[in-house]
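What follows is a set of notes on a single structure, which appears directly below.
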């Protein structure tokens, strides 16, 4: 059985006050693998980045409702910047190359809410 939103919560939402999200932050890792040989995140150790992030979030006690969720994603259509991860609700797009980069994203952004500027993907860089 699902829990229903109360009338007070609905009224607050309609008055412009957002409902509290189930997770404070979500990070999605593109793990897409293209079979035709085109560039893709899977060719750039994306699975390893995902695994590292998930391990770091759990080790820091940040996993679960009200905290952080680490998710796999299919193609996020930013292949030219691969590997790619995006953090919501801020919609911050990252690239990364090693464990140090993942650790910095976890510590700085996912734990403390501070964007890691050196790992940002330029807005113009797409597929």
Of region 57-94, those with amide N under 13 Å from the point 7 Å along the Cα→Cβ vector of residue 21 are 65-71, 86-93
What is the Cα coordinate range of region 20-119 on the first, second and third principal axes, sorted by size from largest, in whole angstrom? 41, 26, 22
If you take every DSSP beta bridge fully contained in region 20-119, what fraction is antiparallel? Give it as a percent rounded to 5. 55 percent
Quick one: which of 83-96, 48-61 comes out on top by average Cβ neighbours within 10 Å, and what's the full order, highest first? 83-96, 48-61
Inter-label distance, nm, simple model (7 Å from Cα along the C-beta direction), residue 80/residue 115: 2.0 nm
R0 = 22 Å: FRET efficiency of residue 99 with residue 123, Cβ-based, nearest 0.05? 0.25
Between residue 71 and residue 108, what is 0.36 nm times their sequence separation minus the Cα-Cα distance? Round to one decimal in nm. 11.5 nm
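Every read-out reported here was derived from the displayed coordinates using simple, explicitly stated rules and does not represent laboratory data. Since the structure is predicted, the reported quantities are computational estimates derived from the model, not experimental observations. Neighbour counts run over all protein chains shown; Cβ positions are idealised from the backbone, glycine included.
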